[in-house]
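Participant: This is the structure I have questions about; it appears just below.
The values are calculated or read from the model by the stated rules, or taken from the named source; none is laboratory data. None of the values given here were measured: they were computed from a predicted structure. Don't worry about glycine lacking a Cβ; one is built from the backbone with ideal geometry, like all the others, and counts go over all protein chains shown. Calculation scope for accessible area: heavy atoms of the full protein, side chains included, ligands and nucleic acids excluded. Shrake-Rupley method; radii C 1.70, N 1.55, O 1.52, S 1.80 Å.
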Amino acid sequence: MSEDVVVPKWGLTADEIVLVSWRCQVGDTVNSDQPLADLETDKATGELASPCAGIVTELLASPGDEVSPGDVVARIARS
């Protein structure tokens, strides 16, 4: 079964979020809550954590892409 990695809602005004970098690649094994990517808004930076343990099967956004809360940016095959 596959789990979507979704951009969270950050604060009241964080609608413009940039994916700065990935900390994983397709094929990597990750743990639940492991940081997968670095995100940045006009006011803050933060990490996007894995929702589950498994293997990264897709990265759907590239560094520098603007993403929005609720966007699916990666998929993980649960282990």
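Participant: How large, in percent, is the carbon and sulfur part of the accessible surface of the chain at a probe radius of 1.4 Å?
Facilitator: Carbon and sulfur together cover 47 percent of it.
Participant: Would you mind getting the accessible area per residue of the chain, heavy atoms of the protein chains only, 1.4 Å probe, in Å²?
Facilitator: Ligands and nucleic acids excluded, the figure is 57 Å² per residue.
Participant: For the chain, give the magnitude of the charge dipole about the Cα centre (Cβ charges: +1 Lys/Arg, -1 Asp/Glu; no others), in debye to the nearest 20.
Facilitator: Dipole magnitude for the chain comes out near 260 debye.
Participant: With springs only between Cα atoms under 10 Å apart, run a GNM on the chain and tell me which of Leu60, Leu39, Leu19 wobbles the most.
Facilitator: Largest GNM mean-square fluctuation: Leu60.
Participant: Full extension from Glu40 to Lys9: what is 0.36 nm times the residue separation minus their Cα-Cα distance, to one decimal in nm?
Facilitator: 9.9 nm
Participant: Taking H placed 1.01 Å from N in the peptide plane, check which residues at least 5 places from Val20 or on another chain put their amide H under 5 Å from its amide H.
Facilitator: Asp38, Leu39, Glu40, Gly64
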